[in-house]
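Peer 1: So that we are looking at the same thing, I have put the structure below in structure tokens.
The values are calculated or read from the model by the stated rules, or taken from the named source; none is laboratory data. This one's a predicted model, so the numbers in the text were calculated from it and none came from an experiment. Here the Cβ is made from the backbone with ideal geometry for all residues, glycine too, and neighbour counts use every protein chain on show. We work out accessible area using only protein heavy atoms, side chains counted, and drop any ligands, DNA or RNA first. Shrake-Rupley method; radii C 1.70, N 1.55, O 1.52, S 1.80 Å.
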Amino acid sequence: MSNGSSITEFLLLAFADTRELQLLHFWLFLGIYLAALLGNGLIITAIACDHHLHTPMYFFLLNLSLLDLGSISTTLPKAIASSLWDTRDISYAGCSAQIFSFLFFIGAEFSLLTIMSYDRYIAICKPLHYGTLLGSRACVHMAAAAWGTGFLNSLLHTVNTFSLPLCKGNAVDQFFCEIPQILKLSCSHSYLREVGFIMVTACLGFGCFVFIVVSYVQIFRAVLRIPSEQGWHKAFSTCLPHLAVVSLFVSTGIVAYLKPPSISSPSLDLVVSFLYSVVSPTVNPLIYSMRNQDLKDALSKLFSWLFLYKLPLTLCK
């Protein structure tokens, strides 16, 4: 029998046994990570540099990109290093820090997605009150509330999870430390308290999800009353990307944390966790930039400025 105090490290799931496949995974993960850094970094830079994008919607999008960078930087660099150096171990402190950081970022992200749905609701259904309800101070307070909610949620779950006695070894069936996998290592019935906390968080998350759904029902009803086709396009170009991000985030999160144990399997857990921890923050910039003309224009200006700035330096050499 072992408990949390006697465990000094955990063993993460290995993606492959052969060296060739490990190196293949290394290059794949590195490419995904660099794509996520590039995509989110470009959105952050474009929004920060273009004063036309200094609006509540793009302020929240900038925060979302920061959270995506944080969440993927919590999990993927460790997987990259493990594939390169053929290691599986992660220290007890490193595992707890990884769980805390990841829960912090995804908790804040879901709160922010809820706020973004409110922003779209006010912009489309109550445009005359947009400047009053979503002033600069209100936006900062809402963003701070989202980050604070993520911090409190992660602190509660991390402290409670790592206070449980662990008596089923130290092998984690996942490529990063995750609460459902740590709970599998806990002693019989000792994990029920954390399960209760997860259910409470799930109920609060469900309330946020209902708020998002109701907001979009009202948004689509208002959009359908717009007489011009151009108005339809402009409204849907800002709403559909957000709805796609919410759908991907919520569906994979529900499967990861709330699926019954009877349908749990290592391969399903790995695929679902990879979707919401790696794929989601990587494709979010692409989803938001595909249909958003203002963001496309800002990115074009950014690329033009970088080209014009570097061209004189090249000619002088």
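Peer 1: Just one of (1) in contact (Cβ under 8 Å) with a residue 12 or more places away in the chain; (2) surrounded by 13 or more Cβ atoms within 10 Å (Cβ to Cβ); (3) more than 24 Å from the chain's Cα centre (by Cα) trips up Leu133, so point out which.
Peer 2: (1)
Peer 1: With the condition kept exactly as written, say whether any residue in segment 10-20 is over 13 Å from Phe175 (Cβ atoms), out of contact with any Pro (no Cβ under 9 Å at 6 or more places or on another chain) and among the β-branched types (Val, Ile, Thr).
Peer 2: Yes: one or more hits.
Peer 1: Counting just the residues of segment 85-124 that are open to solvent by 40 Å² or more (accessible area, probe 1.4 Å) and outside any helix (DSSP H, G or I), which one comes out modelled with the highest pLDDT?
Peer 2: That would be Ser91.
Peer 1: Checking the conditions here, which among Leu128, Leu155 is open to solvent by 60 Å² or more (accessible area, probe 1.4 Å), of a type outside the set (Gly, Ala, Ser), modelled with pLDDT of 90 or more and out of contact with any Leu (no Cβ under 7 Å at 6 or more places or on another chain)?
Peer 2: Selected residue: Leu155, the only one of Leu128, Leu155 that is open to solvent by 60 Å² or more (accessible area, probe 1.4 Å), of a type outside the set (Gly, Ala, Ser), modelled with pLDDT of 90 or more and out of contact with any Leu (no Cβ under 7 Å at 6 or more places or on another chain).
Peer 1: Here is a follow-up. Can you tell me which residue in segment 49-84 is nearest to the chain's Cα centre (by Cα), limited to those that are without any contact (Cβ under 8 Å) to a residue 60 or more places away in the chain and surrounded by fewer than 15 Cβ atoms within 10 Å (Cβ to Cβ)?
Peer 2: Out of the qualifying residues, it is Pro77.
Peer 1: Scan segment 210-237 residue by residue and report those that are open to solvent by less than 30 Å² (accessible area, probe 1.4 Å) and either within 17 Å of Ser117 (Cα to Cα) or modelled with pLDDT of 70 or more (or both).
Peer 2: Ile212, Ser215, Tyr216, Ile219, Ala222, Val223, Ala235, Ser237
Peer 1: Restricting to segment 91-142, what's the tally of residues that are in contact with an Asp or Glu (Cβ under 7 Å, 6 or more places away or on another chain) and polar (S, T, N, Q)?
Peer 2: 1
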